[in-house]
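Sharing a structure below in structure tokens format, with a few things to ask.
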Amino acid sequence: MKFTITGDSAIIMKGLSELQASYDFSLAERSEINITCVQEETLNGLAISYRQGNGTITYAYPNQFFRAFSMLLQHLQQEDTPLETNEKMQFSTVGPMFDLSRNMTMKLTTLKDFIRKLAMMGHNSIMLYMEDTYEVSDEPYFGYMRGRYTEVELRELDEYAALFGIELIPCIQTLAHLEEFLKWDAVYKYKDTRGALLLESEDTYDLLDRMIHAVTKPFRSKRIHIGMDEAEEVGRGRFLNIHGYQSRFEMMSKHLTRVLEITDKYELEAMMWSDMFLKLASETGDQYDKSTNLPEYIIQQLPENVQFMYWQYNQTDYDHYDNMIGQLKRFGRTPAFAGGMWVWNTFAPNYHISLSASEKALQACKDNGIRDVFVTLWGDDGYENNVYTSLYGLQYYAEHAFSEQVDELQVKQRATFITGIDADALLLLNKLDQPPGVADGNLQQTNPSKFLLWQDPLLGVFDKHIEGLDLDEYYKDLSKQIERKQKEAHEYGKYHFDVPKKLCTVLANKASLGVNLKQAYDKKQLSELTQLVDTKIVPLLGDVCELRSAHRRQWLTMNKPFGWEVIDIRYGGLLNRLETTKDRIERFVHGELDQIEELDQERLYYSPRFEQSTGLGWGSYYYRMASPNVFFHVLPIY
């Protein structure tokens with residue numbers, strides 16, 4: 001399909017050219033389809049008018065043009081009929097936050113692919129969350145062996161995003177969440193606790209100056225996110241030994257002032273997470289407490305030259321958002337909001353809680369005049385998941401950004417067209433974490449696709465939770481469903497279903513393995529134990545190898561190699577434990593062992609709060625799944 005583009009098109013032509021290969025169209029000086037571009041900055045939206053080969057796209061900003069063009073292209077690829085439509089943008093800023101610090105740094109080719117898709121959706125910003133994954137002068141251990149981005153790489157990304165009118169915003173940490181940098185002895189002078197910087201230290205503020213300068217230098221944007229979330233331990237390590245006790249509010253307030261002096265020096269506009277101040281104001285110390293009432297002293301003492309960003313990922317109560325946004329508006333400036341698409345700490349997206357929470361949150365944002373909205377894609381505990389599984393959620397946020405109310409069918413149709421992946425296939429992956437036993441909607445964010453894979457077959461930390469559940473058949477059937485979707489997918493989409501399909505194949509043999517081993521052992525059914533070895537463990541050794549190979553191929557296609565070693569080690573541990581299980585059972589059956597002590601142990605609930613009647617519960621992190629023993633020794637916080 002060929003297009004001739006005329007009119008106010010100078011700012012969009014290079015980006016439009018970049019989209020040709022991905023979306024099966026071409027640009028020509030003469031063609032059967034002629035589109036006139038009209039830029040009207042007062043429009044704050046888009047309008048499309050098309051009839052019999054001639055059309056007009058009216059837009060205010062580039063992201064609105066690209067969204068309008070994608071809507072027209074989608075329409076014409078289905079039928080060449082008249083089209084008249086218009087949309088008003090509900091927010092000034094909308095975009096994802098990519099986590100590039102929790103084990104995974106995406107390749108530039110992957111980020112550019114996302115930029116193209118986001119442009120066609122209508123997003124106009126991307127936050128790049130980088131704790132220590134960028135270069136800082138005179139700090140060789142900053143991001144050492146972590147796949148950090150060079151200034152050249154970040155500048156290249158910014159140049160590419162600018163072709164589509166997408167603003168790249170660096171999102172860093174200037175207080176806590178710096179464990180991976182502070183673990184090195186060479187940087188001890190900056191360290192308060194395991195993850196928090198030492199406050200009231202000129203060395204620290206010299207470091208922060210260099211960090212802020214380095215991370216903002218490659219970008220056009222004058223905005224920077226300075227982090228400062230979840231800093232509960234600040235002042236409780238070396239700082240306490242040096243300066244004695246100080247209130248967290250006083251420490252954070254003074255520190256924020258110093259950091260903002262640096263951002264002012266570089267003429268930057270600072271944003272920061274709001275949770276610490278909400279926690280300090282809450283009687284329960286919980287930022288999720290909707291009864292929180294910010295005291296006047298907090299409002300009066302905090303600097304004005306910062307925008308607070310309220311984050312919330314799992315709350316489905318509209319009144320909660322309405323109250324929290326109202327509290328932050330008391331600072332006299334409009335806060336930003338960050339929701340979440342749950343792709344972290346699991347192999348699967350949790351769309352039920354993500355969409356349920358986002359629906360309430362985004363409506364509250366519209367009602368309260370919030371202008372800057374982001375959706376986070378965190379990567380906690382290794383980022384085993386594929387970030388592309390979030391695409392339906394990114395489309396959902398785009399539709400909210402251009403509509404007062406969102407139509408589910410339209411989201412699906414747009415997502416399928418723009419991503420090249422069937423939206424229902426993306427939603428199907430939600431089932432990886434919704435087997436029997438999971439509470440309706442999985443609002444507890446449990447992650448059985450992860451803990452059933454990594455938990456030890458002889459120790460079965462989560463086995464008590466799954467007793468009596470037919471999980472093997474569930475995952476066997478889900479594997480077939482995913483395989484059907486994979487066969488129906490275009491070549492681009494097939495690749496994204498390989499790991500989920502193979503994971504289900506593994507879980508069809510492993511999910512209930514520990515429960516079955518324990519039952520057969522307790523009853524001294526030696527033939528049943530032998531059968532479990534032959535029909536479950538032996539096939540698993542091959543199936544896990546196939547899963548690992550598919551996962552490695554996926555990772556190295558999308559991401560830099562740094563961080564894969566963590567997942568590789570997990571697979572190695574799983575294979576070794578399966579072999580050990582096989583060996584110990586065979587020796588027991590043959591009379592070489594009088595007992596298998598691991599199977600003699602009583603099975604307890606991982607958490608009594610999450611007994612089977614209330615769902616499987618939240619599945620914690622890998623090191624808790626793999627063993628109840630000392631996986632690593634946690635030293636004092638400083």
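Is it true that some residue in the range 277-291 is under 17 Å from Ala336 (Cα atoms) and either in contact with a His (Cβ under 6 Å, 6 or more places away or on another chain) or of a type in the set (Val, Ile, Thr) (or both)?
So the first thing to find is which residues in the range 277-291 are under 17 Å from Ala336 (Cα atoms), and the list is 277-278, 287-288.
This time we only want the ones that are either in contact with a His (Cβ under 6 Å, 6 or more places away or on another chain) or of a type in the set (Val, Ile, Thr) (or both), so: none.
No.
Tell me the helices (runs of 4 or more DSSP H) entirely within the range 180-295 that contain at least 3 residues that are in contact with a Ser or Thr (Cβ under 8 Å, 6 or more places away or on another chain) and under 22 Å from Glu135 (Cβ atoms).
Values: elements: 202-216, 238-243, 248-265, 275-281.
Because the criterion is at least 3 residues that are in contact with a Ser or Thr (Cβ under 8 Å, 6 or more places away or on another chain) and under 22 Å from Glu135 (Cβ atoms), the helices (runs of 4 or more DSSP H) in the range 180-295 that meet it are 202-216.
Quick grid of which residues meet (1) crowded, with 24+ Cβ neighbours inside 10 Å; (2) in contact (Cβ under 8 Å) with a residue 40 or more places away in the chain:
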residue	(1), (2)
Thr334	no, no
Gly339	yes, yes
Thr376	no, yes
Ser390	yes, yes
Tyr397	yes, yes
Gln405	no, no
Lys412	no, no
Ala415	yes, no
Asp422	no, yes
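Another question, if that's okay. Output the number of residues of the range 440-458 satisfying the condition of being polar (S, T, N, Q) and outside any loop (DSSP other than H, G, I, E, B). Reasoning before the result, please.
Let us first name the residues in the range 440-458 that are polar (S, T, N, Q), namely 442, 444-447, 449, 455.
From what is left, the residues that are outside any loop (DSSP other than H, G, I, E, B) are 442, 449.
Adding up the residues that qualify gives 2.
Restricting attention to the range 247-276, report how many residues are surrounded by fewer than 16 Cβ atoms within 10 Å (Cβ to Cβ), modelled with pLDDT under 95 and either at positive phi or not charged (D, E, K, R) (or both).
1
Could you list, in sequence order, all residues of the range 351-374 that are polar (S, T, N, Q), open to solvent by 10 Å² or more (accessible area, probe 1.4 Å) and either part of a loop (DSSP other than H, G, I, E, B) or in contact with a Gly (Cβ under 9 Å, 6 or more places away or on another chain) (or both)? First the steps, then the outcome.
Taking the range 351-374 first, the residues polar (S, T, N, Q) are 354, 356, 358, 363, 368.
After this cut, where a residue has to be open to solvent by 10 Å² or more (accessible area, probe 1.4 Å) as well, the list is 356, 363, 368.
Across the range 351-374, the qualifying residues are Ser356, Asn368.
Follow-up question, since we're still on this one. Which one is nearest to Phe277 (Cα to Cα) among residues in the range 329-342 that are at pLDDT 95 or above, in contact with a Phe, Trp or Tyr (Cβ under 9 Å, 6 or more places away or on another chain) and not aromatic (Phe, Trp, Tyr)?
Pro335
How many residues are modelled with pLDDT under 65 and exposed (fewer than 15 other Cβ atoms within 10 Å of the Cβ) when one looks only at the range 607-631?
Adding up the residues that qualify gives 3.
Provide a single number: the residues in the range 105-161 that are in contact with a helix residue (DSSP H, G or I) (Cβ under 6 Å, 6 or more places away or on another chain) and of a type in the set (Gly, Ala, Ser).
Matching residues across the range 105-161 total 4.
Please list, ordered by residue number, the helices (runs of 4 or more DSSP H) wholly in the range 459-577 having 1 or more residues that are at negative phi and free of Cβ contacts under 8 Å to residues at least 40 places away in the same chain. I'd like the intermediate steps shown before the answer.
Values: elements: 463-466, 471-488, 491-494, 498-510, 513-522, 526-532, 538-558.
The qualifying helices (runs of 4 or more DSSP H) are 471-488, 491-494, 498-510, 513-522, 526-532, 538-558.
The rows are residues; the columns are (1) in contact (Cβ under 8 Å) with a residue 40 or more places away in the chain; (2) surrounded by 18 or more Cβ atoms within 10 Å (Cβ to Cβ).
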| residue | (1), (2) |
| --- | --- |
| Arg30 | no, no |
| Asn34 | no, no |
| Val38 | no, no |
| Thr42 | no, no |
| Leu46 | yes, yes |
| Thr58 | no, yes |
| Tyr61 | yes, yes |
| Leu72 | no, yes |
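Take Ala10 and decide whether it is open to solvent by 10 Å² or more (accessible area, probe 1.4 Å), under 28 Å from the mean Cα position of the chain (by Cα), more than 20 Å from Gln413 (Cβ to Cβ) and not charged (D, E, K, R). Talk me through it step by step, then tell me what you get.
Details: open to solvent by 10 Å² or more (accessible area, probe 1.4 Å): yes; under 28 Å from the mean Cα position of the chain (by Cα): no; more than 20 Å from Gln413 (Cβ to Cβ): yes; not charged (D, E, K, R): yes.
It is false that Ala10 is open to solvent by 10 Å² or more (accessible area, probe 1.4 Å), under 28 Å from the mean Cα position of the chain (by Cα), more than 20 Å from Gln413 (Cβ to Cβ) and not charged (D, E, K, R).
The values are calculated or read from the model by the stated rules, or taken from the named source; none is laboratory data. All figures in this text were calculated on a predicted structure; none of them were measured in a lab. Note: ideal-geometry Cβ built from the backbone for every residue, glycine included; neighbour counts use all protein chains shown. Only protein heavy atoms, including side chains, enter the accessible area calculation; ligands, DNA and RNA are left aside. Shrake-Rupley method; radii C 1.70, N 1.55, O 1.52, S 1.80 Å.
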